[in-house]
Amino acid sequence: MRSHDSGVTGTVHDLVAEAPAERRRAEYTPSAVDISQAAPARVYDHFLGGLHTFAADRDLAGQLSAAVPDVARMAWANRAFLHRAVCFLVETGIEQFLDLGCGLLTVGSVHDLLHQAAPQARVVHVDLDPITVAYASQAILTAGRAERAAAVCADVRYPWAILSHRDVQRQLDFHQPIGVLAAAVLHYLSDEDKPLAVLAAVDRSAVHGQGRRRGRAVPGPARRRGGALRGRKAQIQALNRSQPVLPMMPGMPERRTHDYVRHGITSLFAAFNVADGTVISALHRRHRAAEFKKFLARIDAAVPAELDVHLICDNYGTHKTPAIKAWLDRHPRFHMHFTPTGSSWINQVERWFGFLTDQMIRRGAHKSVQALEADIRSWVATWNDNPRPFVWTKTAEEIIESLGRFIQRISGAGH
């Protein structure tokens, strides 16, 4: 496989022979690393013909080769795909990259490809293995790319920890397109790790364009940011209808009786994470500043300490009392943003409240506030088992144009 018009010449296999000798020996292994344990990155490097391996890695590679004779060819095929992907992104004008699960920066790695094809490009290599990160850091220094490249030791299961890392913030401009690479990492995540949600969280942090890039969920740079949209659904009524909701049947819509008995009210406070769709919630019988402060403390305990918290709220008076302002002064990582008066509907958490209302509250029958609260907690827990972040499907221009067409249709009406 040869590249075209990208500045990279030769095959991926040629890069093995061309790699400097000092890049092909394990000379800077951290003293704290247990080399008696095999590591996936070093085993992968062995299949590519690299020498950054130890006896444990070579033994495991031999076992894998015996079980899957084509495993080395599979490794080369994966590296060739990575080569094509990077060249394509470079050709489309991408000049900054987030390399997830980078592995050892040896033969034909993203580091080597960018060094040849786009020396001006910025890149952050991310891996969970400390020895891999140590190799990457040394390779970056050796190549003289410390101003345009960095290596970060982080777990891809926690994308906001990656995005808020100081080296990621220093190297990448989140106002410009970012090529996100995850060529050989997602298969290490279990179903419980929600690999698609992990990738979606990183995906949304890149600017909209070609490749794996989309618009940011929260405006501005992502510096140590944990974006959340905060809302409350006040005075949820515990209603016991004379009959349960009557289900839909062919030719007949879902129905509910008009008469009911009210058994009290409760208020739901919720913070919707725009990155992954998870929700932090709390139920209180009242919705004063005192309850709001308790909810802020709950958010503070739930969000990792290294992240800033940006809360987008409506202009409700409880958000601005002296007690709340004093609490915010004591917690400088919290940043409040308020939607314009009458515009709370633009807050994504309101769309989430709509799901809660349609799928549970309106269809429920509750003889007590305790029963209502138990059902709400159960529904929220079920949502968090499979959270779904919201993504705008239309641009602002498309929405305004649609509104203009609607106004034009109704103008001149006789009422």
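The values are calculated or read from the model by the stated rules, or taken from the named source; none is laboratory data. Because the structure is predicted, anything quoted here is derived from the model rather than measured. Don't worry about glycine lacking a Cβ; one is built from the backbone with ideal geometry, like all the others, and counts go over all protein chains shown. Areas reflect the complete protein model, heavy atoms only, side chains present, ligands, DNA and RNA absent. Shrake-Rupley method; radii C 1.70, N 1.55, O 1.52, S 1.80 Å.
The residues of the range 156-172 that are assigned to a loop (DSSP other than H, G, I, E, B) and either of a type in the set (A, V, I, L, M, F, W, C) or open to solvent by less than 30 Å² (accessible area, probe 1.4 Å) (or both), listed by number, are VAL156, SER164, LEU172. Scan the range 116-129 and tell me whether some residue there is closer than 25 Å to VAL274 by Cα and among the small types (Gly, Ala, Ser). Checked against the condition, which is being closer than 25 Å to VAL274 by Cα and among the small types (Gly, Ala, Ser), the range 116-129 yields no hits at all. Determine, yes or no, whether PHE338 is surrounded by 18 or more Cβ atoms within 10 Å (Cβ to Cβ) and either more than 27 Å from GLN169 (Cα to Cα) or in contact with a helix residue (DSSP H, G or I) (Cβ under 9 Å, 6 or more places away or on another chain) (or both). So PHE338 fails the test. The lone criterion from (1) under 25 Å from the mean Cα position of the chain (by Cα); (2) among the β-branched types (Val, Ile, Thr); (3) open to solvent by 30 Å² or more (accessible area, probe 1.4 Å) left unmet by ILE265 is number (1). Restricting attention to the range 81-99, the residues that are among the aliphatic types (A, V, I, L, M), open to solvent by 10 Å² or more (accessible area, probe 1.4 Å) and part of a strand (DSSP E or B) add up to 0.
Could you count how many residues in the range 269-287 are free of Cβ contacts under 8 Å to residues at least 24 places away in the same chain and in contact with a Lys or Arg (Cβ under 9 Å, 6 or more places away or on another chain)?
Going through the range 269-287 one residue at a time, the tally reaches 2.
Residue-level check: of (1) out of contact with any Pro (no Cβ under 8 Å at 6 or more places or on another chain); (2) at pLDDT below 75; (3) surrounded by 21 or more Cβ atoms within 10 Å (Cβ to Cβ), ASP203 misses just (3).
Note on the range 360-376: residues that are touching a residue at least 60 places away in the same chain (Cβ under 8 Å) and open to solvent by 20 Å² or more (accessible area, probe 1.4 Å) total 7. From the list GLN169, GLN116, the one residue that fits, being polar (S, T, N, Q) and modelled with pLDDT of 85 or more, is GLN169.
Kindly evaluate ALA371 against the criterion of being closer than 30 Å to ASP193 by Cα and assigned to a helix (DSSP H, G or I). Step through it out loud before you land on a result.
Details: closer than 30 Å to ASP193 by Cα: no; assigned to a helix (DSSP H, G or I): yes.
So ALA371 does not fit the description; no.
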